[in-house]
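Student: Submitted below is the structure of interest, expressed as structure tokens.
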Number of protein chains: 2
Amino acid sequence: MKLSTEKKFARRMDGVPRSFIREILKVAISPNIISFAGGLPNKDFFPLEELQACAIKLMSGSDRNILQYANTEGYLPLREKIADRYLQKGLSVKPNNILITNGSQQGLDLLGKIFINEGDGVLMEEPGYLGAIQAFSIFKPQFMTVPLQKNGIDIELFKTKVANSNPKFAYLIPNFQNPSGISYEESVRKEISDFCRDKSLFLVEDDPYGDIRFKGQAKHSFYHYLPEQTIMLGTFSKTVVPAFRMGWIVAPDDVMEKLVIAKQAADLHTDYFTQRLVHQYLSDYNIDEHIAKIQTTYGKQANAMLDAIGKHFPEGVTHTIPEGGMFLWVTLPEGQEALTAFDMAIKENVAFVPGNPFYVDKTNVNTFRLNFSCSNEAEIEEGIRRLGNVLKRLK
Amino acid sequence: MKLSTEKKFARRMDGVPRSFIREILKVAISPNIISFAGGLPNKDFFPLEELQACAIKLMSGSDRNILQYANTEGYLPLREKIADRYLQKGLSVKPNNILITNGSQQGLDLLGKIFINEGDGVLMEEPGYLGAIQAFSIFKPQFMTVPLQKNGIDIELFKTKVANSNPKFAYLIPNFQNPSGISYEESVRKEISDFCRDKSLFLVEDDPYGDIRFKGQAKHSFYHYLPEQTIMLGTFSKTVVPAFRMGWIVAPDDVMEKLVIAKQAADLHTDYFTQRLVHQYLSDYNIDEHIAKIQTTYGKQANAMLDAIGKHFPEGVTHTIPEGGMFLWVTLPEGQEALTAFDMAIKENVAFVPGNPFYVDKTNVNTFRLNFSCSNEAEIEEGIRRLGNVLKRLK
């Protein structure tokens with residue numbers, strides 16, 4: 001079969017590149033490298049022994065249905081546990097409005113599928129989560145971006161873009177955003193919600209890191225202010241383990257109906273055995289105590305990184321100060337390029353993610369992401385020292 | 001937000017209904033019902049104790065990376081085991097050409113995504129697998145259907161439709177097809193492959209049941225005749241357990257590249273822990289011995305169903321004689337309706353799936369699917385007796 005690639009594949013795949021991070025990190029294979037490039041949670045906190053106990057318990061019964069096909073929406077008692085956790089935060093969510101997905105990444109794919117016609121507007125934060133850019137890109141939206149500021153998204157620009165371009169939804173990560181580490185102040189959340197109330201768009205609130213707050217006060221979800229127009233994405237990847245790909249979507253009834261149809265066509269249901277395993281874990285252990293340990297450690301690691309940056313980065317380099325999550329965001333002086341810094345850094349055995357893949361339409365950017373969840377305090381000090389030396393030499 | 005459904009959702013969701021089977025089986029909830037409607041493997045064969053031993057072993061090590069994020073393609077040693085199993089069947093497949101998916105259902109979604117532009121031709125068997133109809137429908141193809149005959153797809157019609165309409169791919173289940181139980185004779189496989197060699201289409205060969213052959217000789221895959229144009233879908237759902245959603249796609253390099261991009265956008269990767277668990281199971285146990293037990297039992301159950309049909313069904317009702325898999329297909333006399341029979345059957349506490357959802361463009365059909373993998377021989381005799389009484393009364 002001789003057929004040009006253009007004719008062979010669907011047009012929706014044209015603009016979707018291989019993962020930038022994956023490609024760029026192929027060079028970062030030295031065993032001595034200190035990597036701030038990953039987006040991985042710290043595996044020291046994976047409750048391996050507890051999950052083993054849960055697996056033994058679950059598989060010691062005679063119920064072979066734990067290994068059978070299951071319903072598309074997900075294991076109801078697990079969805080009830082998720083609803084209970086929302087209630088702890090003051091949010092009333094019905095289990096029937098929760099769909100279990102393969103990590104929140106699948107939530108993004110399903111939302112793209114049910115909402116986006118080619119050319120439909122999708123409002124994104126700038127910088128934005130690259131997994132969302134990838135997932136939505138396949139459905140060929142018209143992206144519109146609104147810059148993040150210190151206290152959250154730029155409200156005036158948000159209002160202008162919504163009013164002028166009528167996007168289907170705005171995709172927002174109000175807590176410890178990936179990649180920037182920025183959180184939305186309460187007033188920003190309220191004002192965005194109030195503004196959207198009579199507009200025809202959804203707020204898609206992705207909250208993978210919300211539980212990992214190590215500083216400051218928890219803020220309200222958009223769902224608190226505007227439940228009927230807020231779609232929430234959640235995941236156990238950062239609080240239990242990522243391997244299971246266990247996430248969920250909370251959506252209003254009519255959206256849920258479309259999501260269930262799309263999920264059924266996509267893969268029938270999420271791994272039922274690991275749904276049961278996570279449910280067992282949530283039943284037998286105190287996840288809040290577990291999360292508290294993660295918060296403490298990530299908080300120390302974030303502080304170590306901030307301290308080291310203060311010591312080693314040259315003047316003119318600015319950065320965010322996260323209150324939780326796994327990332328902070330560095331901005332180089334105007335005219336410097338993060339990709340150039342990356343090439344130099346790799347030679348010094350330190351890695352990060354240049355800002356490029358977090359923009360819909362920019363290249364040669366002067367920003368980059370640092371992850372602090374996967375390195376201990378000594379590694380952070382040494383890695384930031386190496387990186388500081390690179391940035392001092394950068395032109 | 002007041003917004004009409006048409007404006008709110010993407011057009012691709014318009015034609016995709018809620019699952020027919022799910023809706024119709026809502027009425028089939030009596031505890032006394034004998035159901036031949038399911039598509040479930042027999043849970044008696046789920047290797048619960050073996051998988052528990054694997055889980056304990058896997059989680060007794062100190063390697064917390066079994067719970068971490070993993071690569072998109074899937075766990076390499078698992079892909080090597082899958083390649084080894086193909087080699088046993090005489091097929092040379094490189095592990096790098098295997099992508100682990102969430103069941104073969106996700107393979108269908110990914111293939112739809114990377115191949116189908118709105119209006120592109122997709123050739124389907126008639127009757128066809130409803131999960132594929134659902135998955136592809138979302139991408140708005142032009143379906144063209146070719147009837148199945150006793151020995152496989154209608155070759156002449158296949159050739160005419162391919163020549164006239166140039167489909168992107170033909171989706172075929174040559175072994176014990178779902179829903180019909182029909183298998184393609186060797187000569188049909190060869191002739192289809194020979195015909196397609198200089199045409200610009202892929203053969204998508206879905207083979208969930210191929211291992212469950214209880215009669216006759218194994219036949220060659222299309223991949224044997226035409227490897228560069230055959231995409232194979234496989235799954236452990238029918239040989240190990242369905243709950244894990246563990247399937248795979250085998251595809252040429254350029255297709256694999258697009259699939260990996262689409263998979264990454266869809267959910268990053270398939271549950272890594274259960275990938276490791278399946279790999280452990282394949283390493284520590286003899287899956288061929290396990291499959292042999294399934295073959296024997298399903299064969300007995302199929303025979304029991306064929307015997308009971310011979311005894312209880314009225315003249316004029318015809319059916320297929322499967323050599324493997326989980327289903328057989330019944331055709332009522334012209335003018336009778338499977339849906340009417342279904343309504344009557346439910347009242348007699350016996351269920352099956354009316355043929356309707358297995359057709360792209362037909363309603364009021366006179367065909368239905370019977371599953372024999374989930375009922376024991378006594379239930380099969382009694383259920384078919386009840387069904388025979390219904391069919392005798394049917395007009």
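Student: Could you tell me which residue of the stretch B:247-289 is nearest to the chain's Cα centre (by Cα), considering only residues that are in contact (Cβ under 8 Å) with a residue 24 or more places away in the chain and surrounded by fewer than 17 Cβ atoms within 10 Å (Cβ to Cβ)?
Tutor: Looking at residues that are in contact (Cβ under 8 Å) with a residue 24 or more places away in the chain and surrounded by fewer than 17 Cβ atoms within 10 Å (Cβ to Cβ), I get B:Pro252.
Student: Return yes or no: is A:Val255 under 20 Å from A:Ala70 (Cβ atoms), within 9 Å of chain B (Cβ to nearest Cβ) and β-branched (Val, Ile, Thr)?
Tutor: No: the conditions fail for A:Val255.
Student: Still on this model: Testing B:Phe352 on (1) in contact with a strand residue (DSSP E or B) (Cβ under 8 Å, 6 or more places away or on another chain); (2) on the phi > 0 side of the Ramachandran plot, one condition comes back false. Which one is that?
Tutor: The single condition B:Phe352 does not satisfy is (2).
Student: Identify the single condition in (1) at positive phi; (2) in contact with a helix residue (DSSP H, G or I) (Cβ under 9 Å, 6 or more places away or on another chain) that B:Lys43 does not satisfy, given that it satisfies every other one.
Tutor: (1)
Student: State all residues of the stretch A:113-136 that are within 15 Å of A:Arg11 (Cβ to Cβ) and more than 7 Å from every other protein chain (Cβ to nearest Cβ); if no residue qualifies, say none.
Tutor: Once the filter is applied, which keeps residues that are within 15 Å of A:Arg11 (Cβ to Cβ) and more than 7 Å from every other protein chain (Cβ to nearest Cβ), the stretch A:113-136 yields A:Glu118, A:Gly119.
Student: Restricting to the stretch A:306-354, what's the tally of residues that are open to solvent by 10 Å² or more (accessible area, probe 1.4 Å) and either assigned by TED's automatic domain parsing to the domain that holds A:Ser180 or of a type outside the set (Asp, Glu) (or both)?
Tutor: 23
Student: If you check A:Phe313 against the conditions, is it within 11 Å of another protein chain (Cβ to nearest Cβ), on the phi < 0 side of the Ramachandran plot and at pLDDT 95 or above?
Tutor: For A:Phe313, the condition - within 11 Å of another protein chain (Cβ to nearest Cβ), on the phi < 0 side of the Ramachandran plot and at pLDDT 95 or above - is not met.
Student: Checking the condition in contact (Cβ under 8 Å) with a residue 24 or more places away in the chain, away from chain B (no Cβ under 12 Å) and more than 19 Å from the chain's Cα centre (by Cα), which residue from A:Phe195, A:Phe222, A:Phe139 passes?
Tutor: Result: A:Phe195 is the single residue among A:Phe195, A:Phe222, A:Phe139 that is in contact (Cβ under 8 Å) with a residue 24 or more places away in the chain, away from chain B (no Cβ under 12 Å) and more than 19 Å from the chain's Cα centre (by Cα).
Student: Is there any pair with a first residue in the stretch B:312-325 that is among the polar types (S, T, N, Q) and a second that is surrounded by 21 or more Cβ atoms within 10 Å (Cβ to Cβ) whose Cβ atoms are under 8 Å apart and which are 6 or more apart or on different chains, and what are they?
Tutor: B:Thr318/B:Val330; B:Thr320/B:Ser180; B:Thr320/B:Gly181; B:Thr320/B:Ile182; B:Thr320/B:Leu328; B:Thr320/B:Trp329
Student: Right, next: Take the conditions crowded, with 23+ Cβ neighbours inside 10 Å and under 22 Å from B:Gly112 (Cα atoms) and apply them to B:Phe222. Does it pass? I'd like the intermediate steps shown before the answer.
Tutor: Numbers: crowded, with 23+ Cβ neighbours inside 10 Å: yes; under 22 Å from B:Gly112 (Cα atoms): yes.
Yes: the conditions hold for B:Phe222.
Student: Is there any pair with a first residue in the stretch A:174-190 that is closer than 14 Å to A:Glu205 by Cα and a second that is modelled with pLDDT under 95 and open to solvent by 20 Å² or more (accessible area, probe 1.4 Å) whose Cβ atoms are under 9 Å apart and which are 6 or more apart or on different chains, and what are they?
Tutor: A:Asn178/A:Gly39; A:Asn178/A:Leu130
Student: Report yes if some residue within the stretch B:144-154 is open to solvent by 10 Å² or more (accessible area, probe 1.4 Å) and in contact with a Lys or Arg (Cβ under 9 Å, 6 or more places away or on another chain); otherwise report no. Even if it seems obvious, please write down each step before you answer.
Tutor: Within the stretch B:144-154, the subset open to solvent by 10 Å² or more (accessible area, probe 1.4 Å) is B:144-145, B:147-151, B:154.
Then drop every residue that is not in contact with a Lys or Arg (Cβ under 9 Å, 6 or more places away or on another chain), which leaves B:144-145.
Yes - at least one qualifying residue is present in the stretch B:144-154.
Student: Just name the residue that is nearest to A:Gln88 (Cα to Cα) out of those in the stretch A:225-246 that are open to solvent by less than 10 Å² (accessible area, probe 1.4 Å) and among the aromatic types (Phe, Trp, Tyr).
Tutor: Among those that are open to solvent by less than 10 Å² (accessible area, probe 1.4 Å) and among the aromatic types (Phe, Trp, Tyr), it is A:Phe236.
Student: While we're on this one: Looking only at the stretch B:326-357, which residues are in contact (Cβ under 8 Å) with a residue 60 or more places away in the chain, assigned to a strand (DSSP E or B) and more than 15 Å from B:Ala308 (Cβ to Cβ)?
Tutor: B:Phe327, B:Trp329, B:Ala351, B:Val353, B:Pro354
Student: Counting just the residues of the stretch A:368-378 that are surrounded by fewer than 23 Cβ atoms within 10 Å (Cβ to Cβ) and not small (Gly, Ala, Ser), which one comes out farthest from the chain's Cα centre (by Cα)?
Tutor: Here the answer is A:Glu377.
Student: Give the residue that is nearest to A:Tyr209 (Cα to Cα), with candidates limited to residues of the stretch A:41-63 that are small (Gly, Ala, Ser) and surrounded by fewer than 19 Cβ atoms within 10 Å (Cβ to Cβ).
Tutor: Going through the qualifying residues, I end up with A:Ala53.
Student: Test of understanding: among A:Ala262, A:Ala292, which residue is of a type in the set (A, V, I, L, M, F, W, C) and either at the interface with another protein chain (Cβ under 9 Å from one of its Cβ atoms) or part of a loop (DSSP other than H, G, I, E, B) (or both)?
Tutor: When all the criteria are applied, what remains is A:Ala262.
Student: For the stretch A:186-212, how many residues are farther than 20 Å from A:Glu257 by Cβ and open to solvent by 30 Å² or more (accessible area, probe 1.4 Å)?
Tutor: Residues in the stretch A:186-212 being farther than 20 Å from A:Glu257 by Cβ and open to solvent by 30 Å² or more (accessible area, probe 1.4 Å): 11 in total.
Student: Among the numbered conditions (1) out of contact with any Lys or Arg (no Cβ under 9 Å at 6 or more places or on another chain); (2) within 14 Å of chain B (Cβ to nearest Cβ); (3) of a type in the set (Gly, Ala, Ser), tell me where A:Ala304 comes up short.
Tutor: Checking A:Ala304 against (1) out of contact with any Lys or Arg (no Cβ under 9 Å at 6 or more places or on another chain); (2) within 14 Å of chain B (Cβ to nearest Cβ); (3) of a type in the set (Gly, Ala, Ser), the one that fails is (2).
The values are calculated or read from the model by the stated rules, or taken from the named source; none is laboratory data. Source: prediction; values computed, not measured. Note: ideal-geometry Cβ built from the backbone for every residue, glycine included; neighbour counts use all protein chains shown. Keep in mind that these areas ignore ligands, DNA and RNA; they rest on the heavy atoms of the full protein, side chains included. Shrake-Rupley method; radii C 1.70, N 1.55, O 1.52, S 1.80 Å.
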